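Just so it is clear, none of the values below were taken in a lab; they were calculated from the coordinates. This is a predicted model, so every value here is computed, not measured. All Cβ positions, even for glycine, are placed from backbone atoms using ideal geometry, and neighbour counts span all protein chains on display.
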Amino acid sequence: MNQTVDIRELNERIQKESSFVDIISMEMNKVIVGQKHLIESLLVGLLSGGHILLEGVPGLAKTLAIHTLATSIDAKYARIQFTPDLLPADLMGTMIYSQKKEEFVVKKGPIFTNFVLADEINRAPAKVQSALLEAMQERQITIGETTYKLQEPFLVMATQNPIEQEGTYPLPEAQVDRFMLKVVIKYPSKDEEKLIIQLNLLKQFPVASKVMRPEDILKAREVVKDVYMDEKIQKYIVDIVFATRDPKAYKLDKYVDMISYGGSPRASISLAQAAKAYAFIKRRGYVIPEDVRAVCMDVMRHRIGLSYEAEANNITSEDIIAEILNTVEVP
Amino acid sequence: MKQIISYTVLLILLSGSIHSLKAQQVTVKASIDSTHILIGDQLKLLLEIEKPKDLDIQFPQVPDSFSSNIEVVDRSKIDTSKLEDKKREKLSQRLFITSFDSGMHQIPPFYFKLKDGTRLDSAATRALAFQVHGMKIDTTKGPVDIKMPYSASVTLKEVTPYILGIILIAAIIFFIFYYIRWKKKNVPLFTKPEKPAEPAHIIALRELDRIKNQKLWQQEKLKQYYSEVADTIRTYIENRFDIPAMEFTSAETIGTFKQNKNLIDENSLDQLQHILSLADLVKFAKYTPLPDDNNLTLMNAYFFVNQTKKEELKVPGKPAEEETENEVVAEKISE
C-alpha cells in the first residue's frame with residue numbers, strides 16, 4: 001500500500017518536474033519542423049545522460065536540432081567539425097608554453113563544454129574518435145598530469161551521414177556501443193517541407209529562447225532515476241537483448257546465421273535508462289512496455305553485428321529488431 | 001475263353017498311351033499344346049506323373065536338345081499338386097521346345113524311374129510328334145531383300161525394373177526435398193494430424209473460471225490476478241481474431257481494434273480498454289485497485305469473451321445460447 005502511495009507521489013512529482021519537456025519541445029518546434037522522433041530522442045539522451053549518434057543525409061537539420069537544444073537550455077555549446085587532419089589535442093586541449101609565466105600551461109580544448117556537437121565524426125581518424133569516446137565514457141580528461149572532470153550535463157551528439165563513405169573512418173563497433181542512441185533521421189513529409197521553405201523565407205529565422213538552465217536538467221535526471229521499473233519490464237528488456245544473442249531460443253531461427261554478435265549488457269542498461277527517460281517525457285512515474293518499444297530501435301540498432309549472410313540478403317539490424325519486438329512476448 | 005479274350009483286349013488298351021505300374025498306381029503322361037508350329041515357334045511340353053505319395057521317383061533328365069533337331073528353350077521346376085485321393089500326388093514339369101527344321105518331328109518317350117522299396121522300375125510316356133512348317137516363299141516374285149529382325153513388343157517383365165527404378169529415384173528426390181524443407185522451417189518431418197482446436201471462448205472461459213476459483217486477489221496476489229486475467233484475454237484475442245496480442249502492448253491491441261471497427265462493438269472495446277489499462281497499472285505501477293474493481297475486471301473479462309465469441313450454428317429447437325451463457329456469467333459473478 002505504501003508503495004502505491006510512492007508511485008502516486010512520484011507521478012505527481014514527475015507531472016511537476018517534467019513540465020519543461022513541453023516547453024523545450026515547443027521551443028524546438030519553433031525552429032525545427034517535424035522530426036518529432038529526433039526531438040524526443042534528443043530529450044531521452046539528455047535526461048538519461050546518454051550520448052547520441054545521429055545519422056541522416058545532409059540537410060536534415062541534425063546540426064540545427066542540437067544547436068537549438070543547447071540554446072533552449074542555456075548551456076555551453078561547442079561544435080567541432082571533424083576532419084581527417086584533426087588531432088586529439090585539437091579536441092581535448094594541450095599544454096602550451098607561456099613565455100610570460102615561463103612554464104607550461106593548460107589550454108583546454110572545445111570539449112570542455114556542456115553540449116558537444118561532433119559533426120561528421122567519421123571523417124576524423126581513429127585516434128581522435130578514440131579520444132572523444134574515452135571522454136564520453138569517463139567524463140573526464142587528462143592533460144599532462146592533471147585530470148579534469150567535464151562539467152555536467154555533458155552530452156555528445158555526433159553526426160554522420162550514410163553517404164560519401166570515401167575518405168571516412170567508420171566508427172569501430174566497440175566505440176559505437178558507447179553511444180546510448182543511434183537515431184536515424186528520415187526526410188520530412190511534403191507538408192513539413194513546405195513549412196520549412198516558408199520558415200526559411202522569413203526575414204528573420206526563428207531562434208529558440210533560453211527556457212532552462214543546466215541545473216534543471218541535472219535535477220530532472222535525478223527524477224528520471226526514480227521512475228519505477230517493474231521486474232516484468234526488466235525481464236522484457238532482458239528478453240529483447242537475449243533474443244539478439246540467441247535468436248533460436250526465441251523462435252527466430254532464421255536470424256541465427258544473420259547475427260554475428262548481439263547486444264551487450266551495456267545495451268540492456270541503456271535500454272532500461274532510455275525507457276525510463278521516455279516514460280518521464282510521457283509524464284509517467286512508471287515504465288510500461290510501450291516505453292521500451294519506443295526506444296528499442298534507437299538503442300539497439302548499432303549494437304547488433306550483422307553477418308555477411310545478412311548483408312547478402314539485405315537484412316538490416318532494424319529488420320531484426322522489428323522481428324524481435326514482434327516475437328518476444330510483452331509482459 | 002471269353003474271359004481270356006477280354007483280358008487280352010484290356011492289356012492291349014493299357015499298353016498304349018498310358019503306361020501304368022503296379023496296376024493303376026502310377027500314371028505318366030507327356031503332352032504338347034500344339035502339333036503344328038511355324039519354324040522357330042515354341043511348344044509347351046508337359047510331363048506329368050500321378051503316383052502314391054510314398055513312392056520315390058526320378059523325373060526324366062531331358063537334355064537341352066534331343067532327337068537331333070528339337071531344342072529345349074526353357075524348363076520349369078517340378079511342380080507338385082494335390083489330388084482328391086490324399087494318398088496320391090501329381091508332379092509335373094513344363095518344357096518349352098522348339099525346332100528350326102521344318103518337317104515332322106518325333107518326341108521320344110520319356111522314362112520316369114520308380115523305386116518301390118528295393119525294387120526299381122520305370123514308366124515311359126507315349127512318343128509324340130509335331131509338324132514344323134517353314135515360311136512359304138513366293139518364287140514368282142523373284143529374289144527379295146533380307147528382312148531385318150522384327151522388334152519384339154516390350155513386355156511388363158522387361159519394363160518393371162525401369163518403373164521401380166524411377167519410383168525409387170522419385171521417392172529419394174521427394175525425401176531430400178522434404179528434408180530440406182523441414183530443415184529450413186524446423187518443423188517435424190512427419191506430424192500427426194492435429195485435433196480440431198477448441199473454440200477460443202471455451203478456453204478463455206475455462207481459464208477465467210480457474211482464476212476466479214483461485215481467489216487470487218482475495219489473497220492479495222493482485223499482480224498475479226491481473227496478469228492472469230490480462231493474459232487470458234490477450235490469448236483469447238490472439239486465437240479469436242488472429243491479432244498477436246501476446247506480442248502487442250495494450251495500446252497496440254486497442255489500436256488494432258480501433259482501426260478495424262467491424263471486429264468488436266464500442267461496448268466491448270470499452271471493456272477491453274478497462275481490463276488492459278487497469279492490468280497495466282497493477283502490473284507496472286504497483287497500483288492497488290479497489291475490491292470492486294477486481295470483481296468488475298473479471299466480470300468485464302467474462303462479458304468481453306461472451307460478446308465477441310465466434311457464433312456457432314444454432315440447432316433449431318435449442319434455446320438461445322447467448323442468453324443462457326449470459327445468465328451463467330451473471331450467476332458466476334454473483335457467487
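General observations
- Check: chain A dipole with +1 on Lys, Arg Cβ and -1 on Asp, Glu Cβ, in debye: 840 debye
- From the alpha carbon centroid of segment A:303-331 to that of segment B:35-82 is 81 Å.
- Stretch gain in nm, segment A:Gln140-A:Ser98, where the contour uses 0.36 nm per residue and the Cα spacing is subtracted: 12.7 nm
- Along its first, second and third principal axes, ordered by size, segment B:17-134 spans 48, 25, 22 Å in Cα coordinates.
- In this label model, B:Ile137 and A:Ser19 are separated by 13.0 nm, measuring between points 7 Å along each Cα→Cβ vector.
- Inter-probe distance in nm under a simple model that places probes 7 Å from Cα toward Cβ, at A:Val57 and B:Arg206: 5.6 nm
- Once both labels are positioned 7 Å from their Cα atoms along Cα-to-Cβ, the gap between A:Ser260 and B:Thr288 label points is 5.4 nm.
- Each Lys and Arg adds +1 at its Cβ and each Asp and Glu adds -1 at its Cβ; summed about the Cα centre, the protein assembly as shown shows a dipole of about 1860 debye.
- The simple Förster model, with R0 at 22 Å and r as the Cβ-Cβ distance, assigns B:Lys77 and B:Leu168 a FRET efficiency of 0.15.
- Within the straight-line cut-off of under 25 Å between alpha carbons, the lysines reachable from B:Lys136 are B:Lys44, B:Lys147, sequence neighbours fewer than 8 places apart in one chain being disregarded.
- Under 12 Å from the Cα of B:Lys82 - aspartates and glutamates, other chains or at least 8 residues apart: B:Glu50
- Expressed as a fraction of 2.2 N^0.38 Å, the value expected for a compact globular protein of N residues, the C-alpha radius of gyration of segment A:154-279 is 1.45.
- Helix-derived mean residue ellipticity, 222 nm - over chain A, DSSP H n ≥ 4, -39500 (n - 2.57), to 500: -15000 deg cm²/dmol
- Estimated FRET transfer efficiency (B:Lys147, B:Asp54; beta-carbon r; R0 56 Å; 0.05): 0.50
- Alpha-carbon gyration tensor eigenvalues x 5, square-rooted, for the protein assembly as shown, Å: 100, 40, 23
- Within the same chain, lysines fewer than 8 places from A:Lys30 are excluded, and of the rest, those with a Cα less than 26 Å from its Cα are A:Lys16, A:Lys62, A:Lys76, A:Lys182, A:Lys186, A:Lys190, A:Lys194, A:Lys203, A:Lys210, A:Lys219, A:Lys282.
- Percent RCO, i.e. relative contact order, over segment A:219-331, from Cα pairs under 8 Å lying at least 6 residues apart: 35 percent
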